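Derivation of every value follows stated rules applied to the coordinates shown; laboratory data play no part. Here the structure is a predicted model, which means the values were calculated and not measured. Ideal geometry is used to build each Cβ from the backbone, glycine not excepted, and the neighbour counts take in all protein chains shown.
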Number of protein chains: 4
Amino acid sequence: MSSVLSGIKIAVLGGDDRELILISELVKMGATVVVAGFPREKISHGAFAASAVDKACKGAEVIILPLPGTSANGVIRAVYSEEELRLTEEVMSGISKDTLVIIGSARQYLKKWADIYGFNLLEIGEMDEIAILNSIPTAEGAIQIAMEESRITIHGSKSCIVGFGRIGVTLARCLGALGSNVTVVARDEGQLARAYEMGCKRASFADLPGIVSYSDIVFNTVPHMVLDREVLKHANPEIIIIDLAAQPGGTDFEAANAFGLKAILAPGLPGKVAPVTAGRILASVVPRIIIKELSRMNKELLFGKQGGAVGAGDTRSAVARG
Amino acid sequence: MSSVLSGIKIAVLGGDDRELILISELVKMGATVVVAGFPREKISHGAFAASAVDKACKGAEVIILPLPGTSANGVIRAVYSEEELRLTEEVMSGISKDTLVIIGSARQYLKKWADIYGFNLLEIGEMDEIAILNSIPTAEGAIQIAMEESRITIHGSKSCIVGFGRIGVTLARCLGALGSNVTVVARDEGQLARAYEMGCKRASFADLPGIVSYSDIVFNTVPHMVLDREVLKHANPEIIIIDLAAQPGGTDFEAANAFGLKAILAPGLPGKVAPVTAGRILASVVPRIIIKELSRMNKELLFGKQGGAVGAGDTRSAVARG
Amino acid sequence: MSSVLSGIKIAVLGGDDRELILISELVKMGATVVVAGFPREKISHGAFAASAVDKACKGAEVIILPLPGTSANGVIRAVYSEEELRLTEEVMSGISKDTLVIIGSARQYLKKWADIYGFNLLEIGEMDEIAILNSIPTAEGAIQIAMEESRITIHGSKSCIVGFGRIGVTLARCLGALGSNVTVVARDEGQLARAYEMGCKRASFADLPGIVSYSDIVFNTVPHMVLDREVLKHANPEIIIIDLAAQPGGTDFEAANAFGLKAILAPGLPGKVAPVTAGRILASVVPRIIIKELSRMNKELLFGKQGGAVGAGDTRSAVARG
Amino acid sequence: MSSVLSGIKIAVLGGDDRELILISELVKMGATVVVAGFPREKISHGAFAASAVDKACKGAEVIILPLPGTSANGVIRAVYSEEELRLTEEVMSGISKDTLVIIGSARQYLKKWADIYGFNLLEIGEMDEIAILNSIPTAEGAIQIAMEESRITIHGSKSCIVGFGRIGVTLARCLGALGSNVTVVARDEGQLARAYEMGCKRASFADLPGIVSYSDIVFNTVPHMVLDREVLKHANPEIIIIDLAAQPGGTDFEAANAFGLKAILAPGLPGKVAPVTAGRILASVVPRIIIKELSRMNKELLFGKQGGAVGAGDTRSAVARG
């Protein structure tokens, strides 16, 4: 049992199996962990169960919310909680100014509270490290869906990946390795050069109508309407569309339905298809982030700091300061 | 439309979606195809539907039975048939001596009939070409099951393949490509050398107890009891065992159950997980086999032949002659 | 023969086999190409040979200098020229204000001239597209050197890649595919996450002394002194260091020599190990860049433009305007 | 220091760096090793240097000759020996009947002597284990030659592998992994099915003229004249032919020369391009073979044995008994 987090009080509010693994790791590292939104028997030995969000947050230096975050009106995703778990202004206005609040992606109201009440809000969902590690269960989950839905093998199939960011790259590697003929559609010439290096064919968005006409499987990763009615009307009737972009995805599902095409919106795969791996990702990254941020905040306390809200994507600039 | 099978009458008895693709291909190649065990509307334009097995076989130069073959008492696998489709001695005693009868794997009674009634029985299930091509959907199906059953990703997992024949090699490539740490258990030093070349760790059967103690997923391909009680009692409680060997597999499922281990027998994957690909495999291989065998039999008719009913494994020696 | 560059006069000054392929492509696309620094018989039919730099540049709308650029005092790399080819202020002060000058990487004096004389200077060496495509011959060249210099196979070797940018990623894929055990050393957690996804081990710069103590081959891609005396003193005596960073590399070669270690500085591999592929890369990218820049400059002529020198790395911002 | 070979006297006659690694391993395992054909200072501590072949063989239970064997008139390959090392009938007629003589591949005269003088001759070069492990340095060496000789990258190249045995399979994996478009030419449909599974295109020998007309690199592994004048006259003038088959290869080098084609005969690559890896292969396999054979011979001594001089290919049947 290490003690790098010794003496630090961390509140974990809601989540799923992933948070259970994270909690266990935080306890191992010496933190005092108080948990809301899980039954006592689910929580690893050494952590404390709180009966409510406000009790968990009391005195916490760090508050951890789930990667999927909250609904627009503050309901925290908490799959093991029988009651609704809610993040209220009352609670958040009462936490200490130095509190580090970690969440996958924050709704507007939470960013506003960070500004008003001065807590440090850190959105980690778009950090490269988290997003790239999570791209592994996402890509495997997408392939699992493709295997389940199709009547052909990935090997020898014609697949298309729309968008070549963190998920697209991982997916290309997996599909290519399994023997699919992969075409990557992207705007950026540098991304297309990387796709070519990885053994994929390259195409532009203008090529999409032609590509969907012969593709067996299309994976979308772009969070804009890219597979629209105009594109879909050219689609191979046997096509399978798997949309991995954040809700509502980048597919015109209504049009797909009208054309009789199989199109599946599949957000949040890591927690669903590989909760243990996804939990280990959190457990490997979040403690490091906590240590880094707390030590940075301590320095700022000593040497003065500048205000300014929000910002994210990169640990160096990701904290919303009060 | 090619005509290499022009004028040849072929009976297809039972089967599933794979045979539908095969039938379509045979028709395209000019054969006269008569089918039993499928409703008229399922069969591709150009083929004839027969109301019974004996009618389909009448005058056929080639009779095609499904890869999974028949039950011990002659029931032909025919998933689209409402009535039981049965291969009777009456029918088989009435077919011409030169008839080529193609089946995945023949029961003893059929081999006997080939001897008695002199038809040419060809078992194609164990031919390298068919078995290696089918290893692709088998491996993907096995990986799909692993993805569905496990709470971790294949990437980063510790997997073990028991047996390194046609399926084992394909599985090793796929698992390795997805980022699993693969250990191959085999007896043959040459096979182990190949596993090493492919990036796998090598182990012997004596190492199995140790290997199952830390493996996340074990794939068995050996059709003997290799994952027995003695081995399983050392298994990681979270292990997932996927047994791909012909029924009854090589796992002591009763012991697995007693130890609370997840063990799945998964035979006949190609037709289940990728029927179209599996059908295309048949469509690419069976016509070539027919042409080869018919031309060989013609030569033998001209130059005389030796009797003797045989097994198979190799096209050159695979025909049981009357 | 396409004609997208029809009517455009392009001067190509110096270079090697790559430029010969580029010249041929430019001619095919309809450009009027005038070449200095190559003997007449080397140049593809349809291009014109100029006897001197000033003559080639006369009236040119586009001037192409080699990827490696010029020496600090203006000598242009021109492997097929018997005489020294030199870029003088006299010539560059005389070219039209709208001239597009393309070069891999520009020395300070050339950037100054762009400011003074108002030509459009475009550095393409660090553009993602060029750099990623060139990472393929670079990685293969590095592996070729490793194969030539080592007495072991890449398969089964312990290799280390220092830096995980465009070259590092390509190298990791190639080495992993050949069966090497690859460790990636980088600072950025996102890059390390990608390395992990690709099947590599991850390490920080602080781990370097330990890593070099057991590695068989180390590839450096970082253009700072990272393999310094302190690191090298721990190195496996049989180690092979291949430094791919721009001259003078990131290795203390003097220390390596003093410790009896094999260390090789290998800059500019694409033109050396695969000139035809490297030439095709230029031929696939440069015409597109020319069209894009000329059309952008035309728009600016119509709608007015802002001055400001240099900048590069991205086509959108890469042109130094007068 | 293990002692599994303790008390066993082994003579090593000639060889190269590989044998030095093997000698070192044999010493570590407790054998008494006497060496001819190497200078004293080359041999690892613990082994004995003999001044001549007969002295080394005196009393030896095992005699190890190099993988490449001897010339037709008995000259043993011994790269570090200043004098010619020769295997004479005098020496071999004097060794004990139970002596195990290990060689890569034996000339006719040596097989005859095994029959006459009753020693146990074991040819290991064609054993699957040795041949598959050696296929790794062979494939890498072939790729190194291709990289050195070509002006393009392996990535994106069109390559062809003729023959799909132990070397062909390894080569296909490496080339495919580096991004080459690989076509495999073979006769056996099972081998072609495996090639397809590995992502290669499949072709027959009849397709060779067409294939060589567009291929960049052709690797031959078939020890018969397959790349003959008729095939070569269709070859792409820029083709590079690398012939890996045992001398004299399967290429009509004279015709290649007449047509101005680059064709390279490259036998015996493991010892040349990766002597340390190749030596480790011997060191990992040969001691196991010795133990297995000696224990089998001991059993036969106890329970009687049948005479008959034989070839090899399989350890179980590989020993020529007197």
**Q.** Charge tally in the Cβ shell below 15 Å around D:Ala256, where Lys, Arg are +1 and Asp, Glu are -1, D:Ala256 excluded
**A.** -4
Q: Check the axis relating chain C to chain D and name the residue of C whose C-beta is nearest, distance in whole Å.
A: C:Ala177, 2
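According to the Kirkwood expression over distinct Cα-Cα pairs, how big is the hydrodynamic radius of region C:14-105, in Å? Spell out each step's value before the answer.
On the way: mean 1/r = 0.0756 Å⁻¹.
That comes to 13.2 Å for region C:14-105.
Quote the FRET efficiency, to the nearest 0.05, computed for C:Lys58 versus C:Lys112 with a Förster distance R0 of 25 Å and r equal to the Cβ-Cβ distance.
0.65
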(Q) Measuring nothing but label to label, 7 Å from Cα along Cα→Cβ, what are C:Arg229's distances to the other copies in nm, shortest first? (A) 6.7, 6.9, 7.3
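Dipole size in debye (nearest 20) for region B:129-272 around its Cα centre, Lys and Arg Cβ +1, Asp and Glu Cβ -1?
Working: 12 positive and 15 negative charges, 42 e Å.
Rounded to the nearest 20 debye, it is 200 debye.
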Q | For B:Leu227, net neighbour charge (Lys/Arg +1, Asp/Glu -1) across residues whose Cβ lies under 12 Å away | A | -3
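What are the membrane-span-like helices in chain A by this rule: whole DSSP H runs, Cα extent along the axis at least 20 Å, mean Kyte-Doolittle hydropathy at least -1.0? All intermediate terms of the calculation are to be shown ahead of the outcome.
On the way: long enough: A:128-149 (30 Å, 0.34); A:275-303 (41 Å, 0.57).
Qualifying helices: A:128-149, A:275-303.
In debye, nearest 20, what is the charge dipole magnitude of the protein assembly as shown about its Cα centre with +1 on Lys and Arg Cβ and -1 on Asp and Glu Cβ, if you could check?
Charge dipole, the protein assembly as shown, about its Cα centre: 0 debye, nearest 20.
For B:Asp17, D:Asp16, what ranking results if the residue with the fewest other Cβ atoms within 10 Å of its Cβ goes first? Working shown, then result.
Numbers: B:Asp17 18, D:Asp16 22.
Result, fewest neighbours first: B:Asp17, D:Asp16.
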Q.
Averaging over every viewing direction, what projected area does the convex hull of the Cα atoms of chain D cover, in nm²?
A. 17.8
Q) Using unit Cβ charges (K, R positive; D, E negative) and no other charged atoms, how large, in debye to the nearest 20, is the dipole of chain A about its Cα centre? A) 700
**Q.** Inter-probe distance in nm under a simple model that places probes 7 Å from Cα toward Cβ, at B:Lys201 and D:Lys97
**A.** 4.7
Q | Loop-located trypsin sites (Lys or Arg not before Pro) in region A:65-174 whose Cβ has at most 13 other Cβ within 10 Å (DSSP) | A | A:Lys97
**Q.** Range of Cα positions in the protein assembly as shown per principal axis (Å), largest first
**A.** 92, 79, 67
(Q) Counting only GluC sites (Glu not before Pro) that sit in a DSSP loop (anything but H, G, I, E, B) with at most 10 other Cβ atoms within 10 Å, what is the longest stretch of chain C containing none of them? (A) C:84-322
(Q) Just to check I understand the Karplus step: with θ = phi - 60° and J = 6.51 cos²θ - 1.76 cosθ + 1.60, what whole-Hz values come out for region D:214-220, glycine and proline as x? (A) 10, 6, 8, 9, 10, 10, 9
Q) Where the label is 7 Å out from Cα toward Cβ, how close does D:Ser44 come to the same position in every other copy, in nm, shortest first? A) 4.5, 5.7, 6.2
Q. At each listed q (0.12, 0.21 Å⁻¹), what is the log10 of I(q)/I(0) that the Debye formula gives for region B:129-272 modelled as equal alpha-carbon point scatterers?
A. -0.40, -1.39
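With a Förster radius of 30 Å, plug the Cβ-Cβ distance of D:Ser44 and D:Asp188 into 1/(1 + (r/R0)^6) and report the FRET value to the nearest 0.05.
It comes to 0.10.
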Q.
How shielded is D:168-176 by partner chains, expressed as the average number of their Cβ atoms within 10 Å of its Cβ atoms?
A. 3
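Which FRET efficiency, nearest 0.05, do A:Ser2 and C:Ala246 yield, Cβ-Cβ r, R0 35 Å?
Working: r = 41 Å, r/R0 = 1.17.
Result of the calculation: an efficiency of 0.30.
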Q: Along Cα-to-Cβ, 7 Å out, sits the label point; list in nm, shortest first, how far the one on A:Tyr214 is from those in the other copies.
A: 1.4, 4.7, 4.9
